[in-house]
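Questions regarding the structure given below will be posed in turn.
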């Protein structure tokens, strides 16, 4: 962006310095990922902290393998093609705009390297104590501190936006996510989400997860 | 410099008096509560008042004709705009289209997120 | 002519192409005439030593004739074009034939959702088939579509049908088509709708009656017990 | 010193007045566009009638009275300027400005009351139009008062007397707009 | 800050920046417009490269993401219309030419004139600043249809969209002030003896354009206020969920947007008329017909706006009405073109650089004009709407207007503006280097549009029917042509600045032209003439029989047989 600013400033002056070449010598090893992330930043924010009105969750601090899995699912249509998945339909074209596997890898690496930050809580009414009981089912895969586990394809929950966790749990339960026949990992999560008895349980377990990210 | 500026000055206070009487009428008329009386009191009198102000205070009666034509043209364009737009914006439905919920009482709400909001909370 | 670029797969596609050709012929004639005369004048009246320009006011009757006659001819061409254009517009957008099937089309950022009526042939019932980015229609049947938008304006465009209609939030716009060719074709969004506009592609599948029946049966949400719960949940979610 | 161009008058209308006519023409379409939109929405939403009933017609009527009266003083200022009555023109200009101030004060009081009752810009589209149209008009009132204050400084010295008429014309136009806003926003229920 | 007419000219920066001289303000408009044209051209380069070579790291720009692409096309369109065509064609030529051509010393309101430029400059700065705020520049197309433009969660440019709107509104205010000044000046301040029939066509056209602008822009300013409130304050004027109607904005926009086309077209037509008459040494064929057709076009242009909305949700019955009016507008425009062609008949044509530009304007504009019929006819618009056919059509009108017409004007009046002649050879190189690539850019785009390619799509790989090799080849061809054209613009820039330094002295009247601006010094002094001229005849008395000279300046009384030219 700085380069662009310089160029525009030049053009507006319309001076004689036409032989200018941009100085791309910054020591950023992942310049491609950084540049490609600019599109993601429109919704997820330049620090990857998400933006609820754009339906974009926080992604800073998410594991690279999980990011790669999900982008791949979006690109292949395993996610973001359900009739009621409004947010997913916004994400799918964005994932498709990455042209090569290398681009995907670069962007994933860039996002995974972002410093994580606990997003502010937006939900009210969950009871973390009750949620702790419900979380016993989750920790088998997601780990006692919600740190996630690659072997079981369980992402970290520590840095996710609470409203996003709620939406996704609701989606899993309603069959909006995890029902695509090719989405094998999602299919594992769907029955797990059904073990939560009711809507209040979702709130509770998320309230508990939010305390986890605090304790980290 | 302004030889054309010296106009005959009518009795402005008299014009003002008429305007005030009209104003009182336009306020009292709607109190009767009959719809067509309200409309005439509100808009008929407004047109008369506008005419009086334009004629006597703005001296359009002694100004060059084309100034009047200019204003009438501007008003005509607005009428054109109105009649070009009204079939779409003023109607709740038309040939092969409809606006569901167009005439529903306007919701008094905080700025919301439209479909996004419902989509999020719906699942 | 346009068929060489884009196939025609609807009943009125050929009419629209014919209209475009008609206009091309009429305006092409005038364009070529004007350009030829124009370039001819430039060549013929180049500056020559000793030859002065002529003093022609263009205000006299016999001079004005050169403008007036073409100008009436242009008017005639305009009227011809108006007649055909309005005629085709009337068929495509105004006077809808009775539908065999009605589908609902919903545009949102950035995908097309389609509600097919399912086995019972009625919209808004249990067995509606809801798809994203896939519209399945039967050949030689009159389809009505109810076009809606969830968030911003989109435009439902099927180039092979020569059909385009904007989807406006807050409105339900009805249109029609009748497919005449088997195959799968592009559906595009033709109205800028945000950063994903360039990727808002869907497909229309035009199928024979047998194929279409098969597809409906395969996707019938009420047939499959696995899907039943999904649909119930979906309907709950939709409310 | 102004250019010779300004002193020419091929149309017979003095340059300043001609420009004010064009300015008013452009304002007609501006308010015309806004009010056309308002009328279209209004006619198709019956629910707005109840909301329009919440506006304070008496304050609106008082404001109409104030503006009509200030139009009178504006035209009296014009008459005084034509008679080279410097003091009279100055006095009547300031009467007009006083009218503008009263108008704006009433408006401020009215809006404060309404906002306290919970009718804000975003309450409904009727209120959006109400604040938008009346606000745009109030901006014109303030601009007109400012211009008259500036012109009055010259007038006191007996200079640029023709400008009294020009700001008067503009003022009458502001009055005209209010004459139509008043029934549209306050009376028609 | 003095607006007095004393002749001690202090050359400080402040006295230049705050000058009230119409010529200085005209130049300020022109240079601002040229700088903005460079930005607009650079944007075109960036997004054309993306289209030809998707995903490419564009030299001097970087990777063009879909969000940036939208922002680039939006601002390319906005800049080229509002910050290039309008300021250069109307404001720059209007300011420079009106007082000189009607024979007075300045605009009637010099300080209002300066204010209008300052507001315009502010609007340009606001627009440029909108590219650098959080979220980037606005990307909802220059038509800015809500709800996309009204809600940040849809357009994802919370600040960019509002700054864009603010900039456009400021620009309108600037041109309203400027327009009032132009109209009043021409109506009131003409030289003694100059009747309506003696006003040069370019002045007529600029005034008509200003009137059209003034009569049409009001609703859009009101609409801009409403949209701004929707964006920033949460009102619901255009929000269908809360009782608004997005189609209202379309009407507000296009009620202005269509006359706007003629606002920029007419001045270019006027420039062409003047340049053609001078270099064909001909009287304008049927002066009054040209005038009446221009007025007719202007009036008709208010009746056609909804043809931009045929398929965007208006009632289909209305489309029939607007088809009729739209096709009718082809009549005055066609007539105007016929008159221009007839003007060439019997001339003595000198193909100087300005004349080449003027002729190219006519030749290219006719293509743009006739392709409009396809879009104005509702039936064929169903297919062609929002396709590249539309894009190519309006570039075939706007490019001749905003680029070719402007170059005709600049090269023609350059001697008067700066007192130097431009280099003819370089001028011709620049001419051919612009006009040929221009056709090479947009003819393929016509074909792509017929092939069903839609607008504002950043990468056609996602649409199988559009991703074919032959279509991609056409995109590459167009992009390469664009780059060639852009490179040739440097020839012009070099010629422009080099001629300032070492160009041949122009003298008072290098083109042997009739109109009044050529009777004073080049460049004209402050106050334009020592003694203001009178006018004795029409502007196009060339090759009058019985006169020794083939031109007859407007300021020469009838009894003086020979022209007093330099």
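The values are calculated or read from the model by the stated rules, or taken from the named source; none is laboratory data. Predicted model, so just to flag it, every value in this text is computed and none were measured. Here the Cβ is made from the backbone with ideal geometry for all residues, glycine too, and neighbour counts use every protein chain on show.
For the stretch B:54-100, how many residues meet the condition of being in a loop (DSSP other than H, G, I, E, B) and within 8 Å of another protein chain (Cβ to nearest Cβ)?
So the answer is 10.
Right, next: Of all residues in the stretch E:119-140, which are touching a residue at least 12 places away in the same chain (Cβ under 8 Å) and surrounded by fewer than 20 Cβ atoms within 10 Å (Cβ to Cβ)?
E:119, E:121, E:122, E:126, E:129, E:133, E:134
Taking residue C:23 as the residue in question, decide whether it is out of contact with any strand residue (DSSP E or B) (no Cβ under 6 Å at 6 or more places or on another chain) and assigned to a helix (DSSP H, G or I).
Yes: the conditions hold for residue C:23.
Next up: If you check D:60, D:32, which single one turns out to be part of a helix (DSSP H, G or I), more than 30 Å from residue D:87 (Cβ to Cβ) and touching a residue at least 40 places away in the same chain (Cβ under 8 Å)?
When all the criteria are applied, what remains is D:60.
Could you run through the stretch C:41-67 and say how many residues are surrounded by 15 or more Cβ atoms within 10 Å (Cβ to Cβ) and part of a helix (DSSP H, G or I)?
Qualifying residue count, the stretch C:41-67: 6.
Something else now. So which of D:59, D:76, D:18, D:67 ends up being away from chain E (no Cβ under 11 Å), over 19 Å from residue D:133 (Cβ atoms) and in contact with a helix residue (DSSP H, G or I) (Cβ under 8 Å, 6 or more places away or on another chain)?
D:76
I would also like to ask the following. For the stretch E:12-37, give me each residue that is assigned to a helix (DSSP H, G or I) and either in contact with a strand residue (DSSP E or B) (Cβ under 8 Å, 6 or more places away or on another chain) or without any contact (Cβ under 8 Å) to a residue 40 or more places away in the chain (or both).
Answer for the stretch E:12-37, where residues must be assigned to a helix (DSSP H, G or I) and either in contact with a strand residue (DSSP E or B) (Cβ under 8 Å, 6 or more places away or on another chain) or without any contact (Cβ under 8 Å) to a residue 40 or more places away in the chain (or both): E:13, E:14, E:15, E:16, E:17, E:24, E:31, E:35.
Run down D:10, D:5, D:25 and say which single residue is within 7 Å of chain E (Cβ to nearest Cβ) and not in a helix (DSSP H, G or I). It would help to see each step written out before you state the result.
On the way: D:5 fails: not in a helix (DSSP H, G or I); D:25 fails: not in a helix (DSSP H, G or I).
Unique residue meeting the criteria: D:10.
Out of C:115, C:137, I need the residue that is closer than 23 Å to residue C:222 by Cα, without any contact (Cβ under 8 Å) to a residue 40 or more places away in the chain and not in a loop (DSSP other than H, G, I, E, B). Which one?
Selected residue: C:115, the only one of C:115, C:137 that is closer than 23 Å to residue C:222 by Cα, without any contact (Cβ under 8 Å) to a residue 40 or more places away in the chain and not in a loop (DSSP other than H, G, I, E, B).
Same structure, new question: Tell me which residues, restricted to the stretch A:135-175, are touching a strand residue (DSSP E or B) at 6+ places or on another chain (Cβ under 8 Å) and buried (at least 21 other Cβ atoms within 10 Å of the Cβ).
A:142
Here are the criteria: (1) within 14 Å of chain C (Cβ to nearest Cβ); (2) not in a helix (DSSP H, G or I). Tell me which single one residue E:446 does not satisfy.
So residue E:446 meets the others, but not (2).
In the list A:41, A:54, which residue meets the criterion of being out of contact with any strand residue (DSSP E or B) (no Cβ under 6 Å at 6 or more places or on another chain), under 17 Å from residue E:65 (Cα atoms) and surrounded by fewer than 23 Cβ atoms within 10 Å (Cβ to Cβ)?
A:41
Could you please let me know if residue A:92 is without any contact (Cβ under 8 Å) to a residue 24 or more places away in the chain, closer than 30 Å to residue C:106 by Cβ and assigned to a helix (DSSP H, G or I)?
So residue A:92 passes the test.
Among the residues that make up the stretch D:129-138, is at least one of them farther than 30 Å from residue B:103 by Cα, in a helix (DSSP H, G or I) and free of Cβ contacts under 8 Å to residues at least 40 places away in the same chain?
yes
Okay, next question. Quick one: residue E:328 ticks every box in (1) at the interface with chain C (Cβ under 10 Å from one of its Cβ atoms); (2) farther than 24 Å from residue C:76 by Cα; (3) touching a residue at least 12 places away in the same chain (Cβ under 8 Å) bar one, so which box is it?
(2)
What's the number of the only condition in (1) more than 14 Å from every other protein chain (Cβ to nearest Cβ); (2) under 10 Å from the mean Cα position of the chain (by Cα) that residue A:57 fails to meet?
Result: residue A:57 fails condition (1) only.
Report whether or not residue E:426 is under 30 Å from residue E:351 (Cα atoms), part of a loop (DSSP other than H, G, I, E, B) and touching a residue at least 12 places away in the same chain (Cβ under 8 Å). Full working, then the answer.
Details: under 30 Å from residue E:351 (Cα atoms): yes; part of a loop (DSSP other than H, G, I, E, B): no; touching a residue at least 12 places away in the same chain (Cβ under 8 Å): yes.
Criteria not met by residue E:426.
Any chance the stretch E:81-94 includes a residue that's more than 10 Å from every other protein chain (Cβ to nearest Cβ), farther than 22 Å from residue E:214 by Cβ, touching a helix residue (DSSP H, G or I) at 6+ places or on another chain (Cβ under 8 Å) and free of Cβ contacts under 8 Å to residues at least 60 places away in the same chain? Before you say what the answer is, go through the steps one by one.
The initial filter retains those residues of the stretch E:81-94 that are more than 10 Å from every other protein chain (Cβ to nearest Cβ), namely E:81-94.
Adding the requirement that they be farther than 22 Å from residue E:214 by Cβ leaves none.
Checked the stretch E:81-94: no residue is more than 10 Å from every other protein chain (Cβ to nearest Cβ), farther than 22 Å from residue E:214 by Cβ, touching a helix residue (DSSP H, G or I) at 6+ places or on another chain (Cβ under 8 Å) and free of Cβ contacts under 8 Å to residues at least 60 places away in the same chain.
Could I ask something else about it? Go through the stretch E:208-243 residue by residue and tally those that are touching a residue at least 40 places away in the same chain (Cβ under 8 Å), farther than 24 Å from residue D:27 by Cβ and either out of contact with any helix residue (DSSP H, G or I) (no Cβ under 8 Å at 6 or more places or on another chain) or within 10 Å of another protein chain (Cβ to nearest Cβ) (or both).
2
Right, here's the next one. For the condition modelled with pLDDT under 95, under 27 Å from residue B:24 (Cα atoms) and more than 9 Å from chain E (Cβ to nearest Cβ), what is the one hit in D:98, D:43?
None of the others qualify; the one that does is D:43.
Which count do you get for residues in the stretch D:145-189 that are more than 12 Å from every other protein chain (Cβ to nearest Cβ) and crowded, with 21+ Cβ neighbours inside 10 Å?
Residues meeting the conditions: 6.
Does residue A:180 satisfy the criteria of being closer than 27 Å to residue C:132 by Cα and not in a loop (DSSP other than H, G, I, E, B)? Quick ask: steps written out before the conclusion?
Working: closer than 27 Å to residue C:132 by Cα: yes; not in a loop (DSSP other than H, G, I, E, B): no.
For residue A:180, the condition - closer than 27 Å to residue C:132 by Cα and not in a loop (DSSP other than H, G, I, E, B) - is not met.
So residue E:483 clears everything in (1) surrounded by fewer than 18 Cβ atoms within 10 Å (Cβ to Cβ); (2) closer than 25 Å to residue E:197 by Cβ; (3) more than 13 Å from every other protein chain (Cβ to nearest Cβ); (4) in contact (Cβ under 8 Å) with a residue 24 or more places away in the chain except one condition, right? Which one?
All conditions are met except number (2).
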